[in-house]
Amino acid sequence: MRSRLSLYGLTFSLPLLVWQLLFFVFPLVFLVALSFWTVKNFTMTPDFDTVNWVTMFSRGVFWQAYGTTFALATVAAALTSALAFPCAYAIAFKLSDTARRWAVFLMVIPFFTSYLVRVYSWQIFLSDAGIVNVMLGYVGLGPYGMLNTKGATLVGYLTLAFPLVVLLQLFSLAFIDRNLIEAAHNMRCGRMRTVFEVVIPSARVGLVIAALFAFILSFGDFVSPIYLGGGDPTTLSILITDTTKSGQQWPRAAVIALTMIATLLVVAFVAVRFAYAGRASKEVGK
């Protein structure tokens, strides 16, 4: 019986294993090997030299781009999660079943269009003669320089991550036991206190995972920093492009990419560990 179950599980897990090997493990191994190659006369040479790691880690522009990217992604994750939660909460607890289906459908619609197209549309809104400044001009304000700023980059990150974060938070809130909320109200617990002491702790795993996805999407994004942020300050994604254009330095670009992957793995591990921190002790107590 155990052998049959093992064979059954292996058979259905095989596509996932093949997918991970082809599209993650093998490219990652090649990227690691590439980071030790050298470039001579604009030609890459297979080698094992740490010069690319030493060169990139000793440059101030690399660490400046790293700090900017990490800070922007962190702010974007926090801002997206904070703005998405009221929306997800209202859909989960305030709308009827029919209205909830329509709300989910509306959250999916943005994925029907290209992210690049949505970013280009924001240029029309945020430019000096754009829609936002024109509307502000009617009340005697502006124009304000909103394009090619960090704020515009964050707007792009929100455009990318907000619908997904709302959906992930919604799925987490939908599985909360409503009896816990009713019990809190019976104990004369106010709405805000119920949210912070019952709803959020019960949905902590989903909320943390949603924030993690927002961080991952923002950390590796290239479109918003270049088209809305103007490429200044430089992020790691922009630095990769600049590095490959400078003398065909693909090995040094591989170093930057591996640093980004390592950062995301660490952040993901910390986030998941925090999300499930209280679950293990509860299971032991049972």
(message) Give the aspartates and glutamates whose C-alpha is closer than 16 Å to that of Lys150, dropping any in the same chain fewer than 8 places away, or say none.
(response) Asp128, Asp221, Asp232
(message) Given a 10 angstrom Cα cut-off, can you work out which residue in Gln20, Gln169, Gln64 is the most mobile in a GNM of the chain?
(response) Gln20
(message) Quick check on region 64-235: take the gyration tensor over C-alpha atoms, sort the square-rooted eigenvalues as a ≥ b ≥ c, and tell me if it's rounded (a/c under 1.5), prolate or oblate.
(response) prolate
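Where does the chain land at 222 nm, in deg cm²/dmol rounded to the nearest 500, when only DSSP H runs of n ≥ 4 count, each adding -39500 (n - 2.57), divided by all residues?
-23000 deg cm²/dmol
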(request) Report the net charge of residues surrounding Phe62, where surrounding means a beta-carbon distance below 13 angstrom and charges are Lys +1, Arg +1, Asp -1, Glu -1. (result) +1
(request) Could you pull out every whole DSSP H run in the chain that spans at least 20 Å of Cα extent along its own axis and averages 1.6 or higher on the Kyte-Doolittle scale? (result) 150-174, 204-219, 250-275
(message) Sort Met135, Met146 by Cβ crowding within 10 Å, fewest neighbours at the top.
(response) Met135, Met146
(request) Using Cα centres only, tell me the gap between region 16-94 and region 226-282 in whole Å. (result) 3
(request) Let me know the charge dipole size of the chain about its Cα centre in debye, to the nearest 20, where only the beta-carbon of Lys, Arg (+1) and Asp, Glu (-1) is charged. (result) 880
(request) Would you work out the relative contact order for the chain, in percent, from Cα pairs under 8 angstrom that are 6 or more residues apart? (result) 26
(request) Springs between alpha-carbon atoms under 10 Å, Gaussian network over the chain: tell me which of Phe85, Phe48, Phe222 tops the mean-square fluctuations. (result) Phe48
(message) Net charge within 14 Å of Leu34 by Cβ-Cβ distance, Lys/Arg positive one each and Asp/Glu negative one each, not counting Leu34 itself?
(response) -1
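Each reported figure results from applying straightforward, stated rules to the coordinates on display, with no laboratory input. The structure presented is a predicted model; accordingly, all values stated were derived computationally and were not measured. Glycine also receives a Cβ, built like all others from the backbone with ideal geometry; neighbour counts cover every protein chain displayed.
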